[in-house]
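One structure is given here, and the rest of the page talks about it.
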Amino acid sequence: MSDLAGPRASKRGIWGWMLFDWAAQPFFTVVTTFIFGPYFVSRMASDPAAGQAAWGYGIAAAGFVIAILSPVLGSIADQTGARKRWIAFFAAIKIVCLCLLWYAAPGSSLFLVVLLFSLASVAAEFSTVFNDSMMPRLVSNEDIGRISNVAWGLGYLGGMIVLIFVVAFMAGSPETGRTIIGVSPILGLDPALGEDARATGPISALWYLVFILPMFLFTPDTGTGRRIGTAVRDGMAELGTTLTEVRRRAGLLRFLIARMIYQDGVTALLALGGAFAAAMFGWSITEIGIFGIILNVVAIFGCLAASRLDTALGSKTVVLITLVLLTIATIGIVSTGPGYTLFGAWMMPGEDSGGLFGTPAEKAYIAFGLLIGIAFGPVQASSRSYMARSVSPEEAGRYFGIYALAGRATSFLAPFLVATITALSGSPRLGMAVIILFFLAGMLLLASTPYPAHRPAR
């Protein structure tokens, strides 16, 4: 093994690496899925269908950029060895864009807001490429699945803490102006102007800035000493070699294609599911926030359980189980509406009790949401460990760049199809139903993929 692989990390270094997920997750939890995204769809746009379409196109645009550039950056990371400088560069972009979301007041330009969100998404994903590529040289092959799932669970815990803070102290009721615990929103935030939702951008930025510091301070990094210009040229050349090489690794290619398909569905479900629920049932920020808290609590336990199952059964089995759960859950949520579930086969009459999730149909939606909570952490964490077990530490950067490509090559496709079908039909439900096809196709292809996908020399 070359010295590029470096020594195994200390416990402090591993915890620093795992805290990256803790730092990064609030952006996805409170901005993308549960607070800012639903605010954009339901209050900034002229109508929910137009809002879902615009948000979907923004996610699609970010996915397109990520798909093109992730493999290049992964190869450059292998040439320089050092990852932290790249993480710092993209962290700065992400933090600035998130802070500017504060200015996304009702009536603001949808294009500019979507542009800022898309840039933040691109920067977040590129940082993740470099962070993930550290993993094979930090821990032993036997510990990869456990560490990956625990880190993902920490991420959901961090996201949940920020979400609870937003719901308890910032998200005021449109009727009363008070939060769920009966206090006025902190800092004089005005819910009527969307300030409770808009503030999630700066809050996520501050959280990210503070909690990526342990990774910079304690997690070991390596470097070849090559100049950036030389590394870029060599990285571009190496990318061509990697793309040729992966075609000869049939199992690895099959895994990457399968992940490309099912991760597209995961991305669309996480990005659009909260906004879909808000539009369907007229949920306020408080209700959608509590829904997010419920999902994150379940996700933490899902990741902890998966950390053991990954070691006992293998990453492939965990991913297949979670894809089955996600398929069932997505069928459930798109088949549920006011007064019914399962496409009307089960009618659920009943007056709104006036409390949170006051109708039977809303409770059914929550039940299907619990399946998503159980599955969406492990499906991504165990996919990451599946990949880490299939490559050597020396090639981790370029292959995790290809891995990011596989997660993003068509990641614009599912949101694009959801947005387009929604726009053409005027039905958010019909648009969301497209996601089911991505889960089914990815699951069928993964079932015939070897595990590990390729046995690397170590």
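The values are calculated or read from the model by the stated rules, or taken from the named source; none is laboratory data. It should be emphasised that the depicted structure is a prediction, and the values quoted were computed from it without experimental measurement. Cβ coordinates were reconstructed from backbone atoms using ideal geometry, including for glycine residues, and neighbour counts include every protein chain displayed. Only protein heavy atoms, including side chains, enter the accessible area calculation; ligands, DNA and RNA are left aside. Shrake-Rupley method; radii C 1.70, N 1.55, O 1.52, S 1.80 Å.
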**Item:** log₁₀ of I(q)/I(0) at q = 0.12, 0.20 Å⁻¹ - the range 87-199, Debye sum with one point per alpha carbon
**Value:** -0.61, -1.10
**Prompt:** If the label point is 7 Å along Cα→Cβ of LEU193, which residues in the range 107-121 have backbone nitrogen under 19 Å from it?
**Reply:** 107-110, 113
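Rounded if a/c is under 1.5, else prolate if a/b is larger than b/c, else oblate: which is the range 23-72, with a ≥ b ≥ c the root eigenvalues of its Cα gyration tensor?
Numbers: a/c = 4.74, a/b = 1.47, b/c = 3.22.
Because a/c hits 1.5 or more and a/b fails to exceed b/c, the range 23-72 counts as oblate.
So for each of 27-40, 250-263 I average, over its residues, the number of other beta carbons within 10 Å; can you give me the resulting order with the highest mean first? Mind dumping the intermediate values first?
Details: 27-40: 27.6, 250-263: 21.7.
Going from most to least packed, we get 27-40, 250-263.
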**Virtual spin-label span in nm between LEU112 and ALA447, 7 Å along Cα→Cβ** = 5.1 nm
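Can you pull out the chymotrypsin sites (Phe, Trp or Tyr not before Pro) in the range 95-189 whose DSSP state is coil and whose Cβ has at most 11 other Cβ atoms within 10 Å?
On the way: sites: TRP102, TYR103, PHE111, PHE117, PHE126, PHE130, TRP152, TYR156, PHE165, PHE169; in loops: none.
Taking the range 95-189 and a limit of 11 other Cβ atoms within 10 Å, no loop chymotrypsin sites (Phe, Trp or Tyr not before Pro) are found.
Tally Lys/Arg at +1 and Asp/Glu at -1 over every other residue whose Cβ is under 12 Å from the Cβ of ALA88; what's the total?
+3
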**Prompt:** Which sequence of LYS316, LYS94, LYS363 reflects their accessible areas, 1.4 Å probe, from the largest down?
**Reply:** LYS363, LYS316, LYS94
